[in-house]
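The values are calculated or read from the model by the stated rules, or taken from the named source; none is laboratory data. None of the values given here were measured: they were computed from a predicted structure. Glycine also receives a Cβ, built like all others from the backbone with ideal geometry; neighbour counts cover every protein chain displayed.
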Amino acid sequence: MAKINFFTEDIQYTLKQKTIIRNWIATTITEEGYQLTELNFILCSDEYLLRINQDFLQHDDYTDVITFDHSEELKTIAGDIFISLERIKENATNFKSTIIDELCRVMIHGTLHLLGYKDKTKAAKTLMTAKEDFYLAKR
């Protein structure tokens with residue numbers, strides 16, 4: 001059975017609107033022509049995510065999200081999306097957004113990576129941002 005799970009590591013945070021967020025993410029995945037197997041969102045601290053970035057990606061910088069794709073079949077989604085709640089809070093302030101809106105933006109960003117979208121080139125980043133905005137508007 002397809003599942004979207006929410007966890008925390010080394011922080012205290014209670015995510016509100018879990019059912020709404022689950023349905024929104026699942027609908028996004030379906031609309032993109034994929035089938036959901038399992039998706040885990042892990043909210044954590046800057047330091048926790050930095051260690052993941054160093055250990056698995058050999059990057060030594062802070063980030064707001066890291067996505068790991070565990071899909072074994074084409075057009076299926078199975079993965080872990082780690083999100084720094086500290087980055088979310090800072091970004092929300094910087095972008096004059098709410099924490100939940102910024103958290104949802106990063107959740108959909110990580111999900112879009114699992115759906116094959118990239119953000120390394122200007123053109124890819126433009127498409128990724130357009131998709132983020134499109135799906136955020138459906139939330």
Going by the conditions given, is N53 under 22 Å from F6 (Cα atoms), in contact with a strand residue (DSSP E or B) (Cβ under 8 Å, 6 or more places away or on another chain) and free of Cβ contacts under 8 Å to residues at least 24 places away in the same chain?
yes
Hey, any hits in segment 2-21 for a residue that's over 22 Å from L136 (Cβ atoms), in a loop (DSSP other than H, G, I, E, B) and charged (D, E, K, R)?
yes
Looking only at residues in segment 38-69 that are surrounded by 14 or more Cβ atoms within 10 Å (Cβ to Cβ), of a type in the set (S, T, N, Q) and at pLDDT below 95, which one is nearest to E132 (Cα to Cα)?
T63
